[in-house]
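J.: Before anything else, here's the structure in question.
What follows is calculated from the coordinates using simple rules that are stated; it is not laboratory data. Please read all numbers here as calculations on a predicted model, not as lab measurements. So basically every Cβ, Gly included, is an ideal-geometry build from the backbone, and we count neighbours across all protein chains shown.
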Amino acid sequence: MRVDVITIFPDYFGPLSLSLIGKARGSGLLDLEVHDLRTWTSDVHRTVDDTPYGGGPGMVMRPEPWGQALDAVGPGTLIVPSPVGKPFTQADAQALASLDHLIFACGRYEGIDQRVIDDAAARMPVLEVSLGDYVLFGGEVAVIVIMEAITRLLPGVLGNADSLTEESHAAGLLEAPVYTKPASWRDRDVPDVLRSGDHGRIARWRRDQSLLRTAARRPDMMAAYPPSSLDKADRKT
Ligand SMILES: NC(=S)c1ccno1
């Protein structure tokens, strides 16, 4: 997978050289390049923003540098993290992980001139996505989060691909609680079923815990959970 990130703060992306993402880049599974938007400015001050038409607080990112930057690195699928975006989900991560070329545009200030998005959409798929109902200083941190969610799904990145099948959101439910040694810690014991060696009982316990946890914390996910996936016994949960 090829990924281009365009930002006015390239140094924000140091974390993408660490851990499993760093290994994915080193092994060639992920070809990632971070670009400074100011590369595509032409004035001595390397200006990337200006005052908003119609007045109002703050500054807006100018279209010219963005247009030239996207011309240079595109086409691909353009992803713009933004408070006005569609909620980003695991399903989105899974869809994006199957693509060959992603481009991330990191907005700052009050945002990017809308014409940049509109112009790009005439040449490539554009997704404006939000990580949550809050506002960040810019898109950079959101790109790091989205890149983690996508990269871990790339074949060969995780040592054990099995961990992708039962994790939260992969199957539409929250994951069951997990435990490791010691069997007793501060008078709190690991559930006996997990030490029983009865894999059928363990699987049923984990599923029950997933359903209980999802029902308690994410009724929206339970409502969306396909009825066909629920056994008759599950309906009593
Ligand atoms: N909520 C998101 S993704 C965001 C990006 C920039 N500010 O907020």
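J.: Top mean-square fluctuation among Thr39, Thr51, Thr180, Gaussian network model of the chain, C-alpha springs under 10 Å?
T.: Thr180
J.: While we're here: So which chymotrypsin sites (Phe, Trp or Tyr not before Pro) in the range 1-53 are both in a DSSP loop and have at most 15 other Cβ atoms within 10 Å of their Cβ?
T.: Answer in residue order: Tyr53.
J.: Would you please give the FRET efficiency between Lys23 and Asp71, computed as 1/(1 + (r/R0)^6) with r the Cβ-Cβ distance and R0 = 25 Å, to the nearest 0.05?
T.: Result of the calculation: an efficiency of 0.20.
J.: For Glu140, what is the net charge nearby, where nearby means another residue's Cβ is under 10 Å from its Cβ and Lys, Arg count +1, Asp, Glu -1?
T.: Result for the local shell: 0.
J.: Also: Fewest first, what order do Ser196, Ser130, Ser42, Ser228 take by the number of other Cβ atoms within 10 Å?
T.: Ser228, Ser42, Ser196, Ser130
J.: Okay, moving on. Could you identify which residue out of Gly200, Gly67, Gly85 has the top mean-square fluctuation in a GNM of the chain using Cα springs shorter than 10 Å?
T.: Gly200
J.: Considering Cα pairs under 8 angstrom that are at least six residues apart, work out the relative contact order of the range 23-82 and quote it in whole percent.
T.: 24
J.: Report the relative contact order of the range 99-237, percent, no decimals, based on alpha-carbon pairs under 8 angstrom and at least 6 residues apart.
T.: Relative CO of the range 99-237 lands at 17 percent.
J.: Okay, moving on. What does the charge count around Ser130 come to, taking other residues whose C-beta lies under 12 Å from its C-beta (Lys +1, Arg +1, Asp -1, Glu -1)?
T.: For residues surrounding Ser130, the net value is -2.
J.: Show me the three semi-axes of the equivalent ellipsoid for the chain, from the C-alpha gyration tensor (sqrt of 5 times each eigenvalue), largest first, rounded to whole Å.
T.: Equivalent-ellipsoid dimensions as semi-axes: 42, 20, 16 Å.
J.: Using a simple spin-label model with points 7 Å from Cα along the Cα→Cβ vector, what separation in nm is obtained for Val141 and Gln94?
T.: Distance between label points: 2.8 nm.
J.: What is the order of Phe137, Phe9, Phe88, fewest Cβ neighbours within 10 Å to most?
T.: So the ranking, lowest neighbour count to highest, is Phe137, Phe9, Phe88.
J.: Once the other residues with Cβ under 12 Å from the Cβ of Ala93 are scored (Lys, Arg +1; Asp, Glu -1), what is the net sum?
T.: -2
J.: Another one. Counting alpha carbon pairs within less than 8 Å and at least 6 residues apart, what relative contact order, in whole percent, applies to the chain?
T.: Here the relative contact order equals 19 percent.
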